[in-house]
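Only one structure is covered here, and it is reproduced in the block below.
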Amino acid sequence: MDRALIFVTLGFVLLFLVAREGTRLTRVRVHEILIAIYTLSCCFARLYIPIIKGDADASGSFGNSLAIWPFYAMSLFLIWIVAKRKSWHIRRPNLWLFLIFAAYAGYTLANPYNLARRQTLVEVFYLLSFAVFIYLFANSFSVKSVVNGIYMGLAATVILHFVLAICYPVLGMESVVKIFDTEAATRSEERVGAVGTMGHPNVLGTYVSYYFTFFAACFITAYKRRESAVFAVMAFIVIILSASRSALMASVVALVGIVVFYVYRRYKLLSLQSILKGIIPLGIFIALLLTGPLSFLFSDIEDLDEMTTSRLMHYYCGYEIFQDHPLVGVGLNSHLVYLFENSSAVIFEQVFDMTDIWQPEEFMFSNPIHNIWIILIVELGLIGFIPILCFVIWYIATFKRRTRQSRNRYYNILNIAGLGVVFCWLIQGNSDWAPLTPQVLSLSLMFLALSLNRHYAAEVHPEFETVEASRRRQRAEMAKAEGEKAIEIQPA
C-alpha cells in the first residue's frame, strides 16, 4: 500500500505541474517537470525494488540489497534524449574520475579482510550506476533547466514533509507515520519526532537539511526570493519537528558557512568584516535560538547522556576495527558484518565499566556506527579515507574560486547547495550514519556532482547573470566590436 500511495502522489504532482503550464507547455518545460518528479521521488524511502539480497543478515549503513532506484527509470529517459535530441553528441567523460572509481572498487572488493563482498558490490554498483546517471543528466539539460526542475521538485517535497510533520507530531495523528513507509520507526514517547516519508526522524532531518541549504542558496542569490524564504522556513520547521539535534546543528552551521563563504566572499575568511558582519551576528542569533525556543531539544539530560554513551561505545567498536586493519579497512559497506563476526574481541567492560548508562551489545552489533567518518576509515582504511578527506578540504578551499569563475547564478545555487551538503557531512556525519543511506545520497551526491560540472559553470544566462560576469561579457563584446570596426576602416 505504501508504494501504491507513493505512485499516486507522484502522479498527482505531475498532473498539477502539467495543468499549471496549460498551453504554455514547451519541450524545455516538460524536461523541467520531469526533473521535478524525479527530485520528488528521491524523498520516498520505500521507492525501490530489491532484487538480490546480500550474503549476511547485518545490513550495514548502505543496506544489503541490490535494488532498482528511481534514477534507473530516469536514466532510460535520459538515454532517449541523448539519442534522439543530441544524436549521441555528448561530452567525453572524465577518464581520471573513472580510473579513481575503478581503483576504489577494485581494492575494496579484493580486500582479503572483506567478509561481505556481496554487500560491497551492492554499494559499488549503486555508486557506479549513479555516476552514469549524473553523466547523462548533465549532458541532457542546461543548468537553468536543472535548477528550475529541482526547485519545483523540492518545493513539492517540503510541502509534503511540512504537512506530514504538522499531522505528526503536532496534531498527534500517529496513523500518518506509516502512510509512506509501513516499517517507519518513531522515537520514544519522551522525544517524539516527525518521520515524514523517510521512515526515521534522523533520516528525515538529514534529508531536509540538504534542501534547506538549497532554498537558502536560492534566497541569497535572489532566485524566487519570496518563495524561497517561505520554503526555507518550512524546511527549518520540519527539521525542528523531526527532533534530530544533529540535523538541526548541521543546518545551522551550514547556514553560517554559506553566509561567510558566499555572502561575504569578497572578504577574507577571518577578516574583521566577516567576523563583525557575519560570524558574530549569526552566532548570537543561533545562541539565542538554541537557548530559547529550541532549548526543549537539549533539555532532556538523561536522553543526551544515553545517546552520548551509545555513540562512545560505537566509536570504540570502530577503534577496535581500525586497530585490526588500519591501512585497507574491512571493505565498503561491510563493517557491521565484520563487527558481528568478531564481537568476542570487543570487550566493553574494560572501557565503560564506570558509566551509569549501558546499551545492550545487541544494539552495537545490529546498528551501523553512528559516524560516517569512522565508517569510512574502518571500511576503506587510511589508503581510501585520506583522499576523501583531502577532497572535502579541497572543495571548501576552492568554493570562492568556483563562485568567482562562474557566469550565472543558476550554477551558483548548485555550488552553494554543494557547500551546504559538505558542512552537513562535517557536522551531522560525526554523530549519525544517515548521510550514507542511499535515499539521502541521491540528493547530496547530485548537488555535489553538478556543482563540480565545469560546463555548467561556463554557461551564460544574461537574464540571471552575476554582476562580475555581466561586466566581463560587456567588455568582451565592446572589444570585439572595436576590432571589427578597425578592420572596416582600414584602407584597401
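Rule-based calculations on the coordinates, nothing more; no lab input. Small disclaimer: the values here were computed from a predicted structure and weren't measured. Cβ: placed from backbone, ideal geometry, glycine included. Neighbour counts: every protein chain shown.
Sequentially through segment 29-43, phi angles give Karplus couplings (6.51, -1.76, 1.60; θ = phi - 60°) of 5, 4, 4, 5, 5, 4, 4, 4, 5, 4, 4, 5, 5, 5, 7 Hz, Gly and Pro residues having no value and appearing as x. Counted by neighbouring Cβ atoms within 10 Å, the residues 432, 2 run from fewest to most as 2, 432.
Distance between the 7 Å Cα→Cβ label points at residue 132 and residue 23: 4.3 nm. Phi angles of segment 382-396 translate, via the Karplus equation with coefficients 6.51, -1.76, 1.60 and θ = phi - 60°, into HN-Hα couplings of 4, 4, x, 7, 4, x, 5, 5, 5, 5, 4, 5, 4, 4, 5 Hz per residue; Gly and Pro are given as x. Panel order for 402, 226, by other beta carbons found within 10 Å of each beta carbon, from fewest to most: 226, 402.
As a proxy for reagent exposure, ranking 410, 316 by other Cβ atoms within 10 Å from fewest up yields 316, 410. Amide H contacts of residue 65 (H built 1.01 Å from N, in plane; Pro and chain starts excluded): 54 sit under 5 Å, all sequence-distant by 5 or more or on other chains.
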